[in-house]
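Asker: One structure follows; several queries about it will come next.
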Amino acid sequence: MNDPGPVGRGELLRSARELLAGGSVLFCGPAGIGKSTLLAALAGADGGGTVLRCAPAESDRRLPFVCLIDLLADVTDDVLARLPAPLRAALEAALLRGEHPTSDQSRLGVRLAVLQVLQLLSDRAPVTLVIDDLQWVDRPSAEVLAFVARRLTGDRLRVLAAERVPDGEQPLHRNLCPPDVAELPVPPLTPRDVARLLLRDNGVLLPHGSVLQIHQLADGNPFYALELGRAVLRSGVPESPGRPLPVPRRLRALLLDRLGELSERAQATLLLASAATRPSLTLLRAAGRPDAAEDLVAAERCDLAVADDDGIVRFRHPLIRAAIYAEAP
Ligand SMILES: Nc1ncnc2c1ncn2[C@@H]1O[C@H](COP(=O)(O)OP(=O)(O)OP(=O)(O)O)[C@@H](O)[C@H]1O
Ligand SMILES: [Mg+2]
């Protein structure tokens, strides 16, 4: 069966393809917004050149050179054989095929070796490095990538990358891409696209009211929308559209993994805020939470909620609010 491709990303994919023709692209956005899906749709789509990939997991951050090992896994020995002996030795050490590089000299050797490998490859055809989850690239690999990115231009080396950043914030690792990199924030899906996503996922057309509720609660995030849609189907399509949506336990655990870092007092304050239509510090103090401001500072540190300059309490995501509310005893 033909892969129908990502829902609702036509425009973004078109701009990314154009930009990639002459440079690098860095998608950024919060968890589940669809960055990896876009990388998968783009990677190798133009057919030309050499594509090298890595997609580190969070735990890979502590493993030196693991990204480099993945990126260079498909580079054949005939390329490595063309490196000067000391550079080849340094690179093989980094790739765990020899002794691990510890001196400054050998670390420089690794950087120069990777630069030369990419130059050799790009003499044949343009090279694209596809790096998902840039934020989890281990430090030694990141240093090599930054070194290389400063020395190879867009016509020889392109990076197609994704970085997870909190909503509305900028990526911190663009230095791993050549300097002409274009940052493309991945926006929420529209209600119409969420409807298409859910239809594709479930094969069932949910009532318009439910789709709108899911879109609103997910804030257009496809991962959350899919989880909510599946939970709605599991619990039976609601007959009264106003009924609150079930927040699946798995999603609750994911969203609230940092809630436990808050004091019981701060958790109680957030719970009260989650129940209010327009939560504010004034309202919370009047409702018996005299330390509401302090509690909100702690909640902001855990990326759960924030009180703005006017004392209005805003949850980081509508689902965080719903999940906290759902945790109520
Ligand atoms: N445009 C889309 N069309 C169809 N499905 C999508 C789309 N975007 C995302 N999804 C689905 O939503 C889920 C999350 O998407 P994805 O893994 O791409 O997010 P992400 O931004 O890479 O998240 P993370 O930061 O956790 O890596 C996946 O199941 C994916 O298949
Ligand atoms: Mg991803």
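The values are calculated or read from the model by the stated rules, or taken from the named source; none is laboratory data. Small disclaimer: the values here were computed from a predicted structure and weren't measured. Methodologically, a virtual Cβ is constructed for each residue, glycine included, from the backbone with ideal geometry; neighbour enumeration extends over all protein chains shown.
Asker: Can you tell which of ALA73, ALA31 is among the aliphatic types (A, V, I, L, M), more than 16 Å from ligand 1 (Cβ to nearest atom) and part of a loop (DSSP other than H, G, I, E, B)? Spell out how you get there, then give the answer.
Answerer: Values: ALA31 fails: more than 16 Å from ligand 1 (Cβ to nearest atom).
Answer to the selection: ALA73.
Asker: Look through ALA266, ALA275 and report the one residue that is touching a helix residue (DSSP H, G or I) at 6+ places or on another chain (Cβ under 7 Å), modelled with pLDDT of 95 or more and assigned by TED's automatic domain parsing to the domain that holds ARG316.
Answerer: Values: ALA275 fails: modelled with pLDDT of 95 or more.
Every option except ALA266 fails the conditions.
Asker: While we're here: I'd like to know if segment 167-174 contains one or more residues that are among the charged types (D, E, K, R), within 16 Å of ligand 2 (Cβ to nearest atom) and closer than 17 Å to PRO222 by Cα.
Answerer: Checking segment 167-174: at least one residue is among the charged types (D, E, K, R), within 16 Å of ligand 2 (Cβ to nearest atom) and closer than 17 Å to PRO222 by Cα.
Asker: Taking the options LEU87, LEU112, LEU83, LEU72, name whichever one is under 22 Å from ALA40 (Cβ atoms) and crowded, with 18+ Cβ neighbours inside 10 Å.
Answerer: None of the others qualify; the one that does is LEU72.
Asker: Give me the helices (runs of 4 or more DSSP H) completely within segment 260-326, filtered to those with at least 2 residues that are closer than 26 Å to PRO30 by Cα, ordered by residue number.
Answerer: Numbers: elements: 264-275, 281-286, 292-301, 318-326.
Passing ranges, in order: 264-275, 292-301, 318-326.
Asker: What number of residues within segment 3-28 satisfy the criterion of being assigned to a helix (DSSP H, G or I) and surrounded by fewer than 14 Cβ atoms within 10 Å (Cβ to Cβ)? It would help to see each step written out before you state the result.
Answerer: Step one: filter segment 3-28 for residues assigned to a helix (DSSP H, G or I), giving 10-20.
Retained after the next criterion (residues that are surrounded by fewer than 14 Cβ atoms within 10 Å (Cβ to Cβ)): 10-11, 14-15, 18.
Of the residues in that region, 5 qualify.
Asker: Residues in segment 36-48: is at least one more than 9 Å from ligand 1 (Cβ to nearest atom), part of a helix (DSSP H, G or I) and either over 27 Å from THR190 (Cα atoms) or of a type in the set (A, V, I, L, M) (or both)?
Answerer: Step one: filter segment 36-48 for residues more than 9 Å from ligand 1 (Cβ to nearest atom), giving 42-48.
Subsequent filtering for residues that are part of a helix (DSSP H, G or I) retains 42.
Restricting the remaining residues to those that are either over 27 Å from THR190 (Cα atoms) or of a type in the set (A, V, I, L, M) (or both) gives 42.
Yes, there is a match, as at least one residue in segment 36-48 is more than 9 Å from ligand 1 (Cβ to nearest atom), part of a helix (DSSP H, G or I) and either over 27 Å from THR190 (Cα atoms) or of a type in the set (A, V, I, L, M) (or both).
Asker: Hey, can you tell me all the residues within segment 186-219 that are among the hydrophobic types (A, V, I, L, M, F, W, C) and surrounded by fewer than 18 Cβ atoms within 10 Å (Cβ to Cβ)? Give the derivation first.
Answerer: At the first step, the residues of segment 186-219 found to be among the hydrophobic types (A, V, I, L, M, F, W, C) are 186, 189, 194-195, 197-199, 204-206, 211-212, 214, 217-218.
Result: LEU199, VAL204, LEU205, LEU212.
Asker: Being buried (at least 17 other Cβ atoms within 10 Å of the Cβ) and either at pLDDT 90 or above or within 16 Å of ligand 1 (Cβ to nearest atom) (or both): is that true of PRO56 here? Let's see the steps before the verdict.
Answerer: Details: buried (at least 17 other Cβ atoms within 10 Å of the Cβ): yes; either at pLDDT 90 or above or within 16 Å of ligand 1 (Cβ to nearest atom) (or both): yes.
Answer is yes for this residue.
Asker: If you don't mind, another one. Look through segment 295-314, keep the residues that are surrounded by 21 or more Cβ atoms within 10 Å (Cβ to Cβ) and in contact (Cβ under 8 Å) with a residue 40 or more places away in the chain, and return whichever of them is nearest to the chain's Cα centre (by Cα). Give the steps one after another, and end with the answer.
Answerer: Pass one, segment 295-314, residues surrounded by 21 or more Cβ atoms within 10 Å (Cβ to Cβ): 295-296, 299, 304-305, 307, 313.
Narrowing the set further to residues that are in contact (Cβ under 8 Å) with a residue 40 or more places away in the chain leaves 304, 313.
On the way: LEU304: 18, VAL313: 26 Å.
Going through the qualifying residues, I end up with LEU304.
Asker: For segment 96-110, state whether one or more residues are within 16 Å of ligand 2 (Cβ to nearest atom), at pLDDT below 95 and over 24 Å from ASP180 (Cα atoms). Explain how you work it out, then say what you get.
Answerer: Residues of segment 96-110 that are within 16 Å of ligand 2 (Cβ to nearest atom), as a first pass: none.
No, segment 96-110 contains no residue that is within 16 Å of ligand 2 (Cβ to nearest atom), at pLDDT below 95 and over 24 Å from ASP180 (Cα atoms).
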